[in-house]
Structure formats: structure tokens, C-alpha cells
Amino acid sequence: MTPEQTPVSSSCRRFHFRCDQPDRQSHEAAVCVFSGERLPVVAVRGLGGADVAWYRTLVSLHEAWYANYPLRWLHFVSGLLGCVMIATGMVLWVIKRRARHAKDSIPEHFGMRLMACLNVAVLAGLPVAVAAYFWANRLLPVSMAERAAWELHAMFLVWGWLFCYAAFRPEKRAWVETLWLATAAFGLVPVVNALTTDRHLGVTIAAGDWPLAGFDLAMFGLAAIFGTIAWKLGRRWAKADTTPVATNMVVAGGQ
């Protein structure tokens, strides 16, 4: 709480105290005004007008300030399911268009290749970029000028590099390799946290610090999800690539 003195008269002063912890409903810091004589509360008000209050309310809803921890986890899982819905829609769009073009003997054009590349860069590359943001938060020097900005720069630099990577690699290899990269990037976030801070899982779980412990555990969970997808896709495509060869060998032997 930070006091601010505002003279009212020679015999009375009012003290303004601002609470740095925001209100969970409005995401707004409250200000209490006390009289200088007997310290009764003269007024309690928030900061900003209706537009600021509306903005902070939306931020509060986005960050689930009103919810307890189980409900926040439900928000998190629901967000992941929404991402899965969008991702499957983007992938199925490319698959259906390619099937239609193959049926009509239409060669694959630049737009289709670009969309396939964007799928890899966004659906697999963006998670890697987010993990890079977490890495930058732990690895960049604390005294570095504009440190917060460079955390964002690290995310977008990694994302841009992965787009270029997906553009120049065979599509299936780009998918599998980027997904494995996401697996390593998220799985090592708790390790980097343990090496650079004293708030690792061995401490946070024992202390009951579940917000920090939950973050590290969520990183392991995301790594497991991306690893499972990469493993299954790799096996499926490897089997699909070898099946025509085996079929040709059988036909040739029969002849």
C-alpha cells in the first residue's frame, strides 16, 4: 500500500492509500481515503472511468480472476480443446482440398503449399515459440535493458525461424521434427527453471505452492501431448511410406 497525502485544510489532512492487489472482479486497484483526525474512511473508489473499468473487467474474465483453482484449470483445458478444434479444421481443409485436386488431376499450386506450410508454422511452430518465451524469461539477465520486450522478441524470432524451416523442409518431416522440438522445448522449461531459480518442483510441491508447481507440471503435460502426437504421426507416415514398396514386392514375386 502506498500512502499519498493530500492537504485539505490547516487542521485536517486526507491520506490516500492505494492497494496494489487488484480487485478480482474488476481487475482494478482500489483507493481508500482516510481523514487525518480520527482516520475514518471518507471514500473508497477505483481508478479510471467506465472505459478503463470495462477493459479491466474483460482482462479479469480472460485471466479468470473470479474463479477458484479447479475452475481455472477447466478454463485452461477448455482453451486447449478450442485450439484443437481450430487445428483440426485447418489440417482437414488442406487434406480435403488436396484430395479434390488429386481427383480432378489438378497440380498442387503455391497457395496450397503456403497453407500447408502455415499449418506447420502455426500449429506446431507457435507452441515452440511460446516455450521460447518461457526460456527467455529465465535465461535473459535480470538487469538487461528492455528485458520484457526481448522476451517477446525471442518468441517472434523463434516463430519466424520455424516458418522458414517449414517452408524449406519436406512437409511430413517438418511436422514431426517441429513437434519433437515442441516436446523438448516444453519438457525442459521446468529443468531450466530448476537450474536458474530456487523455486523448482522439489520446493514448490513440498511448500504447497501449487500455482508455480502447477505451471511446471503443465509444461510436462504439454510435452507429453506433443511427444505423443509426434510419435504417432511419425509411425503412421513411416508405415504409409513403406506400404507401397511392400505391395510392389509381393506383386513382383507373384509374377
Under a 1.4 Å probe, counting only protein heavy atoms, K232 has an accessible area in Å², nearest 10, of 130
Ignoring solvent entirely, what values of log10 I(q)/I(0) come out of the Debye formula for region 123-162 at 0.21, 0.23, 0.31, 0.36 Å⁻¹ when each Cα is a single scatterer? -0.56, -0.64, -0.97, -1.16
Chain lengthening between A50 and I95 when straightened (0.36 nm per residue, less Cα-Cα): 11.4 nm
How big is the Cα convex hull of region 203-242 in projection, averaged over all directions, in nm²? 2.9
When only C-alpha pairs under 8 Å and at least 6 residues apart count, what is the relative contact order of region 121-255, in percent? 26
Could you name the lysines in cross-link range of K103, using Cα to Cα under 24 Å and dropping any fewer than eight places away on the same chain? K172, K239
Would you mind getting me the FRET efficiency between W161 and R199? Use the beta-carbon distance for r and R0 = 25 Å, nearest 0.05. 0.25
Cα-projected label distance for M112 with A149, points at 7 Å along beta-carbon direction, nm: 4.4
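The values are calculated or read from the model by the stated rules, or taken from the named source; none is laboratory data. None of these values were measured; they are calculated from a predicted model. Reconstructed Cβ throughout: ideal geometry from the backbone, glycine too, with neighbour counts over all protein chains shown. Heavy atoms of the whole protein, side chains included, go into the accessibility calculation; ligands, DNA and RNA do not. Shrake-Rupley method; radii C 1.70, N 1.55, O 1.52, S 1.80 Å.
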